[in-house]
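Reviewing the structure listed below.
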Amino acid sequence: MTDPILKVSNLKMHFPVKEGILLRAQKFNRAVDGVSFEINPGETMGLVGESGCGKSTLGRCIARLYSPTDGKIEFEGTDITHLRGKKLLPIRQHIQMIFQDPMESLNARHTVGDILEEPFIIHRMGEKAERATRVRKLLDIVGLPSRSVTRYPFEFSGGQRQRIGIARSIALNPKLVICDEPVSALDVSIQSQILNLLVDLQQEFNLAYLFIAHDLAVVKHISDRIAIMYLGNIVEEATGESTYHKPRHPYTRSLISAIPVPDPHKQVNREVITGDVPSPISPPSGCHFHPRCPNVMDKCKADSPTLRRVADHQVACHLDLD
């Protein structure tokens, strides 16, 4: 059996909320509150949840843009949780990130050539002529003309800018790419092109993806496994097909039922959840989902469920789901 390329164990990211005249941290925003999962080489794991559930924070922790509060991140068997500076630089070569907003993630003052050459400069790879050749090859791989090197990000459409972001993410031949809602800011027609590009790149370079999104229909298209996240915790994990057709957790069922159906004449039984998402600063006791759950029991209000295997799923729920 292949060893996982990424192993996350009980990861937590708590941001201090400073209050009072002295701005002391009286409370903490528990954005990620004990998440564990693994990703295998060449595999795509989808991460789904409502806005504010901690998906992007989790991705940034894995990319080491944030320093986690607690837990462990292992990449190819090496603990990278607390690496810094020069020790972290070789890891950054193998873990890259595609951001949600391509315009915000690209330096508007730099040409596309400068943006794509920068990773090679930072990691001291090749001479200038060699770097220029590699930049043009990257543009060709993502479907952009070589003349794009002299243009600026604002001269491109949203889909083209995201292609530039993708080219930058694969420049150093990474092994894991964290895709933070890479198509949510794009038109539907462009979304499919970008998704197909990501699939092609994965097959060509044997990339592993952590694909973060809030749209289950998009995630199902690209993911081998899907993890459902709610208020800083993973509440269900299974294969894409199993998650879509046999959701076990009440929250997952509500997300599935909210997917739009293209046939206006087809009757759909929606499982609508009521209420707002609780604050991660003061999450509910027990199961965090219990204030909105249609199947809530007394046990849910007191005891926090842990992930347990139910058939081919991992589910954090007190219900008898067998």
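The values are calculated or read from the model by the stated rules, or taken from the named source; none is laboratory data. Everything numeric here is computed off the predicted structure, so don't read it as measured data. Cβ placement follows ideal geometry from the backbone for every residue including glycine, while neighbour counts extend to all protein chains displayed.
A quick yes/no check of all residues on (1) touching a Phe, Trp or Tyr at 6+ places or on another chain (Cβ under 8 Å); (2) on the phi < 0 side of the Ramachandran plot; (3) modelled with pLDDT of 90 or more; (4) part of a loop (DSSP other than H, G, I, E, B):
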residue: ALA227; (1), (2), (3), (4): yes, yes, yes, no
residue: GLU236; (1), (2), (3), (4): yes, yes, yes, no
residue: GLU241; (1), (2), (3), (4): no, yes, no, no
residue: TYR244; (1), (2), (3), (4): no, yes, no, no
residue: THR252; (1), (2), (3), (4): no, yes, yes, no
residue: LEU255; (1), (2), (3), (4): no, yes, no, no
residue: VAL261; (1), (2), (3), (4): no, yes, no, yes
residue: PRO264; (1), (2), (3), (4): no, yes, no, yes
residue: ARG270; (1), (2), (3), (4): no, yes, no, yes
Got at least one residue in segment 226-237 being hydrophobic (A, V, I, L, M, F, W, C) and surrounded by fewer than 19 Cβ atoms within 10 Å (Cβ to Cβ)? no
First in segment 46-65 and polar (S, T, N, Q), second anywhere and crowded, with 19+ Cβ neighbours inside 10 Å, Cβ under 7 Å, 6 or more apart: SER56/ASP180; SER56/ILE212; THR57/MET13; THR57/ALA31; THR57/VAL32
Go through (1) outside any helix (DSSP H, G or I); (2) under 28 Å from PRO294 (Cα atoms); (3) touching a Pro at 6+ places or on another chain (Cβ under 6 Å) and name the single condition LEU172 misses. (2)
Working only within segment 173-194, note down all residues that are of a type in the set (A, V, I, L, M), touching a helix residue (DSSP H, G or I) at 6+ places or on another chain (Cβ under 9 Å) and surrounded by fewer than 18 Cβ atoms within 10 Å (Cβ to Cβ). ILE190
Flag if ALA217 is part of a helix (DSSP H, G or I), under 17 Å from the mean Cα position of the chain (by Cα), modelled with pLDDT under 90 and surrounded by fewer than 22 Cβ atoms within 10 Å (Cβ to Cβ): yes
Can you tell me which residue in segment 178-210 is farthest from the chain's Cα centre (by Cα), limited to those that are acidic (Asp, Glu) and either part of a strand (DSSP E or B) or under 17 Å from LEU138 (Cα atoms) (or both)? GLU204
Every listed condition ((1) of a type in the set (S, T, N, Q); (2) over 27 Å from the mean Cα position of the chain (by Cα); (3) surrounded by fewer than 14 Cβ atoms within 10 Å (Cβ to Cβ)) holds for THR111 save (3)
Pairs, first exposed (fewer than 13 other Cβ atoms within 10 Å of the Cβ) in segment 132-160, second outside any helix (DSSP H, G or I), C-beta under 7 Å, six or more apart: THR150/THR111; PHE154/ALA108
First in segment 87-114 and farther than 20 Å from PRO174 by Cα, second anywhere and part of a helix (DSSP H, G or I) and of a type in the set (Phe, Trp, Tyr), Cβ under 7 Å, 6 or more apart: ALA108/PHE154
Restricting to segment 280-302, what's the tally of residues that are part of a loop (DSSP other than H, G, I, E, B) and either more than 18 Å from ARG30 (Cβ to Cβ) or touching a residue at least 24 places away in the same chain (Cβ under 8 Å) (or both)? 12
Mind counting the residues in segment 1-29 that are over 21 Å from ASP70 (Cα atoms) and either under 17 Å from the mean Cα position of the chain (by Cα) or not acidic (Asp, Glu) (or both)? 6
